[in-house]
Amino acid sequence: MTDEHWITIFDVVVWEKSKAPLLAQYARNGAPVEPQRDTAASSGFKIVWKGWAGAALRQQDRESILAARILMVLSASILFTLGVVHLVYTFWGPMLTPRDPALQVSMSQISPVISKETTMWRAWVGFNVSHSMGLILFGLVFGFLALAHSQLLFRSPFLLIVGLAMLGGFVVLCRVYFFSSPLTGISIALACYVASIVLSRVGNTLLR
C-alpha cells in the first residue's frame, strides 16, 4: 500500500457515518482516500487538525489561566492588606481618632438613639473592626480560591458576581464616605478582579 492510501493528521480523523459505504467502495476499488477540510459544503471526512496548533492553544490557555489567578490573588491581597491596616489603625495610633480630643470625650459619654447599652465611641470602634474583618475575609476567601480552587472560582458565576458586587460596593462607599487612599486601593483591586475574570474566560474559550 502506497503512502497516498493513508491519511496522516496530528490527532484525529472524524467522518460521517452516512459516508461509511462510500469509504468501503473506495477501499474495494483501491482508490486513495483524499482528506477534505471541514467546511460548510464539505462531505465525507471532516478533519480536525490539532497538533502544533492545538498545543499552542493549550499553552496560551494555561498562560491566560495563570495570569487570571495572579490578578485574582493580587486583588484579594489588596483587600486583605487594607483590612489589616484598618484594623491596626483602629486600636493603635491616632489615625482614626478625631482631631479634636473633646469630640472623642463627648462620643465616649453619649449613647446612640438605638440603645443606651453602648456609646458612640464604642460603636465607632466596633464599626471599624467589623469593616476590617469584612475586608480581611474577602481577601482570605478569594485569595484561597484563586490559589487552591481556581476552577471552582472561575466557573462559578455566583462567586464571581458576589465578589464583583462587594468590590463595586466598596468603591461606592469609598467615593461617597471615605477619602482618596482607600478609593485608589479598592479601584485597583476592582480592575484586577475584572481583568482576572476576562482572562479566565479567554482561556476557557481557547479550548472550545
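Readers should treat all values here as calculations from the given coordinates under stated rules, not as data from a laboratory. As the structure is a computational prediction, the values presented were derived from the model and not from experiment. So basically every Cβ, Gly included, is an ideal-geometry build from the backbone, and we count neighbours across all protein chains shown.
The Val194 and Ser130 beta-carbon pair, evaluated with R₀ = 30 Å, returns a calculated FRET efficiency of approximately 0.70.
When a/c reaches 1.5 or more, the comparison of a/b and b/c decides; with that in mind, is the range 86-137 rounded, prolate or oblate per its Cα gyration tensor? Since a/c reaches 1.5 but b/c is at least a/b, the shape of the range 86-137 is classed as oblate. The calculated FRET efficiency for Ser115 paired with Ser77, based on their beta-carbon distance and R0 = 35 Å, is about 0.40.
Net length available on complete extension from Leu140 to Val171 is 9.3 nm, with 0.36 nm assigned per residue and the Cα-Cα distance removed. The protection proxy used here, the mean number of other Cβ atoms lying within 10 Å of each residue, ranks peptides 67-77, 169-179 as follows, highest first: 67-77, 169-179.
When only DSSP loop residues count, what chymotrypsin sites (Phe, Trp or Tyr not before Pro) in the range 76-151 have their Cβ near at most 16 other Cβ atoms within 10 Å? Sites meeting the loop and neighbour criteria: Trp92.
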